[in-house]
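The values are calculated or read from the model by the stated rules, or taken from the named source; none is laboratory data. Not measured: the values here are computed from a predicted model. Glycine also receives a Cβ, built like all others from the backbone with ideal geometry; neighbour counts cover every protein chain displayed. Only protein heavy atoms, including side chains, enter the accessible area calculation; ligands, DNA and RNA are left aside. Shrake-Rupley method; radii C 1.70, N 1.55, O 1.52, S 1.80 Å.
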Amino acid sequence: MSNSSSLTQFLLLAFADRRELQLLHFWLFLAISLAALLANGLILSAVAWDHHLHTPMGFFLLNLSLTDLGCTCTTVPKAMHNSLWGTTTISYMGCAAQLFFFAFFISAEFSLLTIMCYDRYVAICKPLHYGTLLGSRACAHMAAAAWATGFLSALLHTANTFSLPLCQGNALGQFFCEIPHILKLSCSHSGYLRELGLIVFSACLIFGGFVFIVFSYVQIFRAVLRIPSQQGRHKAFSTCLPHLAVVSLFISTLFFAHLKPPSISSPSLDLIVSLMYSVVSPTLNPCIYSLRNQELKDALRKLITECFSEAINSPSSPCYVPH
């Protein structure tokens, strides 16, 4: 038995006991993290460099890429370190920092996805008011609100979770520090209920955002189906489907991870689901957006072409290397 005052480290879930499998997991995580860095880095560069993407949707996509990078950089490096060196430990302060940043980026990402849904709703259902409702100042305020919401939520959850006395050991049963797994170690009934209340409140906010997204897309699809030309409907769907795919992947895995019935819960299933929303989703998001967004694909193609051809010697190029 131990309490939080004497606890100096936590034990994370090991992916495998055999050394060969541990090294395999390291290389898989390395490949995923490099893919996430490359994909999100290209999105950030394309949006920042191409003036055609200096739109509200491009601005929010830039912020979304930052949250995806944050999620990847919060969970993957420690998992890589443990797989490479065959360890499972994380320090008490390291666990608190990991929980804070992961909660911060996840909360900010959901807020940004909700705002991006509002952007698509205004663009398709109220196009004449788009410039008024989504001007540069309004976009900056909404993005700031998303980041502030993520910060406040992460601060409250982290401060309350790590104020609980822990007396059920230090094994988390997860490959990164997550609130539900730390709560299982708590021996404070009142503190547990307080954190549970915060989780329920956060879940209600997420559910409210989910209802808003569903309602918005019902209105969007009704408006799209009223467009007379097939080309117009295709263009409208092309701007909405990537966002809808990202939202569906994010919400479905997050809800399933925390709301699935105990009867179907297992360590392997919990691990797979947590990998989906913490690692796989942030890696796939840029690819999903790039598949159907023609302007983004053109910007990425132009950026890559100029980086590896004649623009390599131009001072105006984003890839310019001085000689």
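Summary value for the chain: 25 percent relative contact order, contacts being C-alpha pairs under 8 angstrom separated by 6+ residues.
Please give me the summed charge of the neighbours of Ser281: other residues whose Cβ is under 12 Å from its Cβ, Lys and Arg +1, Asp and Glu -1. Net charge in that neighbourhood comes out at -2. Rounded to the nearest whole Hz, the Karplus-based 3J(HN,Hα) values (6.51 cos²θ - 1.76 cosθ + 1.60, θ = phi - 60°) of the range 169-180 follow the sequence x, 9, 8, 8, x, 8, 7, 9, 6, 9, 4, x, with x at glycine and proline. Convex hull volume per residue, computed on the Cα atoms of the chain, equals 172 Å³. Here the chain has 70 percent of its accessible surface on carbon and sulfur atoms, given a 1.4 Å probe and all protein chains in place. Per residue, the accessible area of the chain comes to 50 Å², computed with a 1.4 Å probe over protein heavy atoms only. So which DSSP H runs in the chain come out at 24 Å plus along the axis (Cα) with average Kyte-Doolittle of at least -1.0? Result, helices passing both filters: 19-49, 56-85, 92-125, 136-161, 189-225, 230-259. For Gln9, the residues whose modelled amide H falls within less than 5 Å of its own, excluding neighbours fewer than 5 places apart on the same chain, are Tyr92.
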